[in-house]
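K.L.:
Encoded as structure tokens, here's the structure I'll be asking about.
The values are calculated or read from the model by the stated rules, or taken from the named source; none is laboratory data. Keep in mind that what you see is a predicted model, and the values were worked out from it rather than measured. Note: ideal-geometry Cβ built from the backbone for every residue, glycine included; neighbour counts use all protein chains shown.
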Protein chains: 2
Amino acid sequence: MNYPSGIKKQMTHTVNYSHRGMTLEEDLNQTNLYYREHDIAYIYKKPTPIKITKVVFNAQKSATIKEAFFMEPSTTDYNGIYKGYYIDFEAKETKNKTSFPLANIHPHQLQHLKHILAQGGIGFIIVRFTTLQKTFLLNGEQLFSFLNNSTSKSIPLSYFLEQGWQLTEKFSPRLDYLKIIDHILEVNKNEKSKEKHD
Amino acid sequence: MNYPSGIKKQMTHTVNYSHRGMTLEEDLNQTNLYYREHDIAYIYKKPTPIKITKVVFNAQKSATIKEAFFMEPSTTDYNGIYKGYYIDFEAKETKNKTSFPLANIHPHQLQHLKHILAQGGIGFIIVRFTTLQKTFLLNGEQLFSFLNNSTSKSIPLSYFLEQGWQLTEKFSPRLDYLKIIDHILEVNKNEKSKEKHD
């Protein structure tokens with residue numbers, strides 16, 4: 001199993017100092033912390049799934065893992081609750097300048113997002129083009145609209161520009177993605193009430 | 001940091017064969033798999049949080065963790081979506097025959113459940129008294145009603161019998177806890193519509 005992107009960087013302490021030194025994961029962790037501290041939403045990054053094969057049990061109920069391996073995640077990395085809604089998303093960085101290679105997302109993660117939408121949850125991806133220093137939120141409906149109508153192995157930047165929402169970094173919260181979700185919820189509500197009146 | 005309950009059992013392969021050999025965690029994992037396979041709900045156990053301190057990077061993008069430590073979980077172990085509702089719970093076993101010691105749940109896990117309820121999510125605990133071979137679901141409202149009105153360091157079995165829901169094991173799904181959630185949702189709906197008409 002491949003190790004998660006970011007782990008090598010983390011382990012070797014060669015931090016990327018572009019983008020004010022923050023990776024997308026760090027930005028999202030800070031943003032989610034801000035949301036929690038302000039009682040706005042409770043959204044967490046799931047721990048990296050690991051298969052433990054060797055543990056040494058020490059005195060006083062502590063233990064050291066001596067051998068373990070990274071496992072493929074079966075779901076997306078982030079989930080939680082916002083205004084009663086179930087929130088679920090995957091966040092990815094790419095160095096590519098013109099498109100987001102779909103190989104970055106596991107097929108079962110896409111499958112998971114599809115199930116979430118069908119259950120009435122809010123599912124999306126956040127993609128950062130690190131070289132361009134641009135970050136986008138692409139809502140699940142638009143993501144699957146692309147996947148269902150294309151055989152391409154990557155989503156072009158132009159699709160993010162047309163169908164996605166660009167997230168601009170602020171001091172705090174770093175990446176206010178729930179603002180976009182508010183907008184999407186508002187649009188959905190208006191469409192529903194329009195359907196009722198038609 | 002203490003290691004998670006179950007890890008020692010798992011590592012030393014001394015499986016508990018009472019209760020048809022299944023731990024509460026195994027029962028819940030099977031139940032959640034059943035829910036997913038039948039497109040009923042998408043609820044997962046979160047991976048155990050681990051602090052990795054030593055990794056060896058092998059050829060072909062694989063890696064072996066050579067030193068890591070168990071971390072305290074900041075949230076509950078299980079969450080997901082059911083009929084559009086955000087679901088969040090903690091599951092614990094106790095050998096105690098008369099009460100469930102609250103020391104089994106971290107204070108910040110209780111805090112997390114409280115936030116989930118306030119955000120409109122469905123939060124609860126599932127507790128198995130292994131010696132008695134009895135498993136209960138205690139809904140968040142009843143859990144906090146107890147905690148707010150008692151200084152006791154454990155919840156007596158009698159409280160689970162009076163205020164909780166006993167879960168009986170079946171072949172498949174093993175522990176159909178969403179049946180209880182259906183009932184709770186129904187009661188909440190009726191109370192709301194009663195309020196409207198009062």
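K.L.:
Among the residues of the range B:28-46 satisfying the criterion of being assigned to a loop (DSSP other than H, G, I, E, B) and under 21 Å from B:Gly121 (Cα atoms), which is nearest to the other protein chains (Cβ to nearest Cβ)?
P.N.:
The selected residue is B:Lys46.
K.L.:
Of A:Glu169, A:Glu195, A:Glu186, A:Glu141, which residue is surrounded by fewer than 10 Cβ atoms within 10 Å (Cβ to Cβ) and either closer than 22 Å to A:Tyr85 by Cα or within 17 Å of the chain's Cα centre (by Cα) (or both)?
P.N.:
A:Glu195
K.L.:
Oh, and also: Examine the range A:173-181 for a residue that is aromatic (Phe, Trp, Tyr) and either closer than 18 Å to A:Ala41 by Cβ or in contact with an Asp or Glu (Cβ under 6 Å, 6 or more places away or on another chain) (or both), and state whether such a residue exists.
P.N.:
The answer is yes; a qualifying residue exists.
K.L.:
Sticking with this one: Among the listed residues B:Ser150, B:Ser74, B:Ser62, identify the single one that is surrounded by 13 or more Cβ atoms within 10 Å (Cβ to Cβ), within 21 Å of B:Glu162 (Cα to Cα) and polar (S, T, N, Q).
P.N.:
B:Ser150
Yes or no, residue by residue, for (1) at pLDDT 95 or above; (2) of a type in the set (Ser, Thr, Tyr):
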| site | (1), (2) |
| --- | --- |
| A:Pro101 | yes, no |
| A:His108 | no, no |
| A:Ile125 | yes, no |
| A:Thr131 | yes, yes |
| A:Glu141 | yes, no |
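K.L.:
Name, by its number, the condition in (1) over 23 Å from B:His112 (Cα atoms); (2) more than 13 Å from the chain's Cα centre (by Cα) that does not hold for A:Val127.
P.N.:
Every condition holds for A:Val127 apart from (2).
K.L.:
Looking for something surrounded by fewer than 19 Cβ atoms within 10 Å (Cβ to Cβ) and more than 26 Å from A:Ser74 (Cα to Cα) - is there at least one such residue anywhere in the range A:104-117?
P.N.:
No, because not a single residue in the range A:104-117 is surrounded by fewer than 19 Cβ atoms within 10 Å (Cβ to Cβ) and more than 26 Å from A:Ser74 (Cα to Cα).
K.L.:
Can I ask one more? Can you pull out every residue in the range A:116-138 that is under 23 Å from A:Gly84 (Cβ atoms) and β-branched (Val, Ile, Thr)?
P.N.:
A:Ile116, A:Ile122, A:Ile125, A:Ile126
K.L.:
Another question, then. Quick one: in the range A:38-75, of everything that is among the aromatic types (Phe, Trp, Tyr) and in contact (Cβ under 8 Å) with a residue 60 or more places away in the chain, which residue is farthest from B:Thr75 (Cα to Cα)?
P.N.:
So the residue we want is A:Phe69.
K.L.:
Would the range B:43-62 turn up any residue that is more than 28 Å from A:Val56 (Cα to Cα) and touching a helix residue (DSSP H, G or I) at 6+ places or on another chain (Cβ under 8 Å)?
P.N.:
The answer is yes, given that some residue of the range B:43-62 is more than 28 Å from A:Val56 (Cα to Cα) and touching a helix residue (DSSP H, G or I) at 6+ places or on another chain (Cβ under 8 Å).
K.L.:
Filter the range A:48-65 down to residues that are more than 7 Å from chain B (Cβ to nearest Cβ) and charged (D, E, K, R) and give me whichever is nearest to the chain's Cα centre (by Cα).
P.N.:
The selected residue is A:Lys51.
K.L.:
Follow-up question, since we're still on this one. Can you name the strands (runs of 3 or more DSSP E) wholly within the range B:71-177 that have at least 1 residues being within 11 Å of chain A (Cβ to nearest Cβ)?
P.N.:
Filter on the range B:71-177 gives B:78-82, B:85-94, B:122-129.
K.L.:
Here's a follow-up. Just wondering, is there one or more residues in the range A:54-70 that are at pLDDT 90 or above, assigned to a helix (DSSP H, G or I) and of a type in the set (D, E, K, R)?
P.N.:
No, because not a single residue in the range A:54-70 is at pLDDT 90 or above, assigned to a helix (DSSP H, G or I) and of a type in the set (D, E, K, R).
K.L.:
Please enumerate the residues belonging to the range B:1-37 that are modelled with pLDDT of 95 or more, within 21 Å of A:Pro73 (Cα to Cα) and aliphatic (A, V, I, L, M).
P.N.:
B:Leu28, B:Leu33, listed by residue number.
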